[in-house]
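Participant: One structure, as structure tokens, below. Some questions next.
The values are calculated or read from the model by the stated rules, or taken from the named source; none is laboratory data. Please read these numbers as outputs of a predicted model, since none were measured by experiment. Every residue, glycine among them, receives a Cβ derived from its backbone with ideal geometry; neighbour counts consider all protein chains shown. Quick note on the areas: whole protein, heavy atoms, side chains included, nothing else; ligands and nucleic acids left out. Shrake-Rupley method; radii C 1.70, N 1.55, O 1.52, S 1.80 Å.
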Amino acid sequence: MGLVKYTGSASADKDFLVKQRQILRLCNKVHEPNRFKEQAELGKNYEPLKHLDKYKHPRSVKTLVKYYNSGLTLPRGAIFTLFNDKHREQMITVFESLFFAQDWDTFLRTACWCRDRVNEGQFVYALSVAVLHREDTRGIVLPPPYEIYPHLFVNSEVIHAAYKAKMRQEPAIVRMNFTGTIRNPEQRVAYLGEDVGMNAHHSHWHMDFPFWWKQQEYGVEKDRKGELFYWMHHQLIARFDLERLSNDLPFVEPLSWEDKIVDGFYPQTTYRVGGEFPARPDNFEFQDLEHIKVKDMVDYTRRIREAISQMAVVTKSGEYYSLNNTKGINTLGEIMEPSFDSKHPEYYGALHNYGHIMLGQIVDPKGKFNMPPGVMEHFETATRDPAFFRLHKYIDNLFKIHKDLLPVYTHEELDFPGLKVVDLDVDVLQTYLEDFDIDLLNALDDTQELDDVEIKARVRRLNHQPFTFRVTVSSEKNANVAVRVFLGPKYDWFGVQIPLNEKRLYMVEIDKFYTTVNKGTTVIERKSSESSVTIPDRETTKVLQKKVEDAIQGNGAFLVNKDVRHCGYPDRLLLPKGKKDGMPFTFYVIVTDFDKEKVNDVPLDYNYGGSISYCGTLAGHKYPDNKPMGFPFDRRIDEDHFFTPNMGQKEVTISFKEVP
Ligand SMILES: [Cu+2]
């Protein structure tokens, strides 16, 4: 059974290169007027209302122009947050105008028109989501968010030092430390919560699966979106918990609306305009906001719990919609975030979104001091605050109540008769810290006359040596198989071995892939870099620009992958840090019959852009297998009846070294 290796990448043609160049230019120094004359002219002279026939739904364009002419739109320079209803409504008209443009030319003109008129936060967000979903922009790479808005990621001190260097016209690299001091135990894991790659992943997940997405109207289905919401966030917490154990911290505690939030947070970052990010002192309590009260949150939670225990949610028309099957988790996810497909948003509220807002506005609940939005009010910065993980653990525990009510997997559901895992071999697992430079070019206001000099912020970030694992299986027949790989803790914070039914909650998915085995013995070999959980390091804007310009000049090829994903956990962070003298973990694998799970008719090694595990699929494909996400650890486990011959597990050790 030979497989033609699917690589996904091809050399870009001229048409694509020009598009890629235009998008990079549109994202350049977004706080200032467009410096690219051609684009600026295009935008200046374009009159959207004269080209309504060029849009699938002219209504959005009309509204956009009306908003703009009324002068009531969010001005350029102001802070945009997706959680503000007005900001979001305006942004959606921008998105729809871009998304419904019938051809590339109209799309580009509309984008140029918006570039110098619309608030830059709204513009970049709408443009990004449009690029990710338009057919004619498939494969285009967007600049990483930490280069578009360095202010959200880089300490005030660093920005200050960068300005000084810019004034002197001297290149500089400014060292940046993580927030807090050694007196704050949470600071030990700040390198993970503040990792720019992790924040980029999280913000891109929410661009691929926007909660405001109108599936019917946009004609792009978001398969298992609610379940992905559960699974990706569940994994973010599990992964954070493994990092905590590596640093002698206990697992994250869920927060609760009526209890104090023990750990405060001081972000040490300042908006470009609008002041410092608000800080939350220790032991702060939730406050009633103008439109969301603490009691509402308690009520919403109670209703959701009721639905879970009744195994059915109430719909708007008063009917019951069952949760008693594998799709229940998707329905719950849609209710919890909530997405446009929530069965009854008025009744179940918006637990997740409101949670973000409650935390973001906690220190200025009545808006008395006109404080800017908190880090929790941007997907780009939310994981910086340890309360992010506490909010999500709270939500995750609700999902858990639901999953615990579903029947335990039967032997038949777990087993693959005729197939046996005979050996599991894992390379040495080693982690280290390294320096990473963030380009601050876009952080600094300047003029066209002042030359750009290289100014960067240097941060420490976690990485690991690439590793390979090998699963040896013996099979009675040739077969297509699904391989699921997890890493879990062996001991808890007290040093006590964790029983499997508890450990399953901390199992981090390392990989999931589909392949073939032959009759007899097959060694399935897989590299860490191939993981379907992760994506490689993002290319910097500068490198992208250079590659595109070179390719346009005929120097070298620019590789496009039409399925490229921006969403994906950073490859560097696949392994938790572990400990200097080694920390034991459990490496687990299960091999199942893919023919029974298969959903799409594509080659077996088609990888959908490489990060299906947490990020699902884009571009109209369904999620590739029909097993519940997290299988087999998403349901209760009876340890005595769990292990089947198609599973393998092994104790592994992760060792940390200060330098590679
Ligand atoms: Cu999120």
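Participant: Exactly one of (1) open to solvent by 30 Å² or more (accessible area, probe 1.4 Å); (2) within 16 Å of the ligand (Cβ to nearest atom) is unmet by ASP423. Its number?
Facilitator: (2)
Participant: Tell me yes or no: at least one residue of region 268-275 is crowded, with 17+ Cβ neighbours inside 10 Å, assigned by TED's automatic domain parsing to the domain that holds ASN330 and farther than 25 Å from TYR354 by Cα.
Facilitator: Scanning region 268-275 turns up at least one residue that is crowded, with 17+ Cβ neighbours inside 10 Å, assigned by TED's automatic domain parsing to the domain that holds ASN330 and farther than 25 Å from TYR354 by Cα.
Participant: Then there's this: With a cut-off of at least 3 residues that are at pLDDT 95 or above and under 21 Å from HIS87 (Cα atoms), name the helices (runs of 4 or more DSSP H) lying wholly within region 318-381.
Facilitator: Because the criterion is at least 3 residues that are at pLDDT 95 or above and under 21 Å from HIS87 (Cα atoms), the helices (runs of 4 or more DSSP H) in region 318-381 that meet it are 351-360.
Participant: For LYS222, state whether it is open to solvent by 10 Å² or more (accessible area, probe 1.4 Å) and either within 16 Å of the ligand (Cβ to nearest atom) or among the aliphatic types (A, V, I, L, M) (or both).
Facilitator: yes
Participant: Please work out if GLY630 is small (Gly, Ala, Ser), touching a helix residue (DSSP H, G or I) at 6+ places or on another chain (Cβ under 7 Å) and either over 19 Å from LYS512 (Cα atoms) or open to solvent by 20 Å² or more (accessible area, probe 1.4 Å) (or both).
Facilitator: no
Participant: Please name all residue pairs, on different chains or six or more residues apart, with Cβ atoms under 8 Å, provided the first residue is in region 386-398 and is within 15 Å of PHE229 (Cβ to Cβ) and the second residue is aromatic (Phe, Trp, Tyr).
Facilitator: Matching pairs, first to second residue: ASP396/TYR230.
Participant: Could you list all residues from region 233-250 that are more than 16 Å from the ligand (Cβ to nearest atom) and assigned to a helix (DSSP H, G or I)?
Facilitator: ASP241, LEU242, GLU243, ARG244, LEU245, SER246
Participant: In region 185-221, how many are free of Cβ contacts under 8 Å to residues at least 24 places away in the same chain and either hydroxyl-bearing (Ser, Thr, Tyr) or part of a loop (DSSP other than H, G, I, E, B) (or both)?
Facilitator: So the count comes out to 1.
Participant: From the list GLU319, GLU290, which one is in contact (Cβ under 8 Å) with a residue 40 or more places away in the chain and open to solvent by 70 Å² or more (accessible area, probe 1.4 Å)?
Facilitator: Every option except GLU290 fails the conditions.
Participant: Now a separate question. Considering region 93-108 alone, what residues qualify as being in a helix (DSSP H, G or I) and surrounded by fewer than 21 Cβ atoms within 10 Å (Cβ to Cβ)?
Facilitator: Residues satisfying the conditions are TRP104, ASP105, THR106.
Participant: In region 351-368, is there at least one residue being closer than 27 Å to ARG636 by Cα and either touching a helix residue (DSSP H, G or I) at 6+ places or on another chain (Cβ under 9 Å) or within 16 Å of the ligand (Cβ to nearest atom) (or both)?
Facilitator: Within region 351-368, one or more residues are closer than 27 Å to ARG636 by Cα and either touching a helix residue (DSSP H, G or I) at 6+ places or on another chain (Cβ under 9 Å) or within 16 Å of the ligand (Cβ to nearest atom) (or both).
Participant: Kindly list the number of the only condition in (1) at pLDDT 95 or above; (2) among the β-branched types (Val, Ile, Thr); (3) within 30 Å of LEU444 (Cβ to Cβ) that fails for THR93.
Facilitator: Failing condition for THR93: (3).
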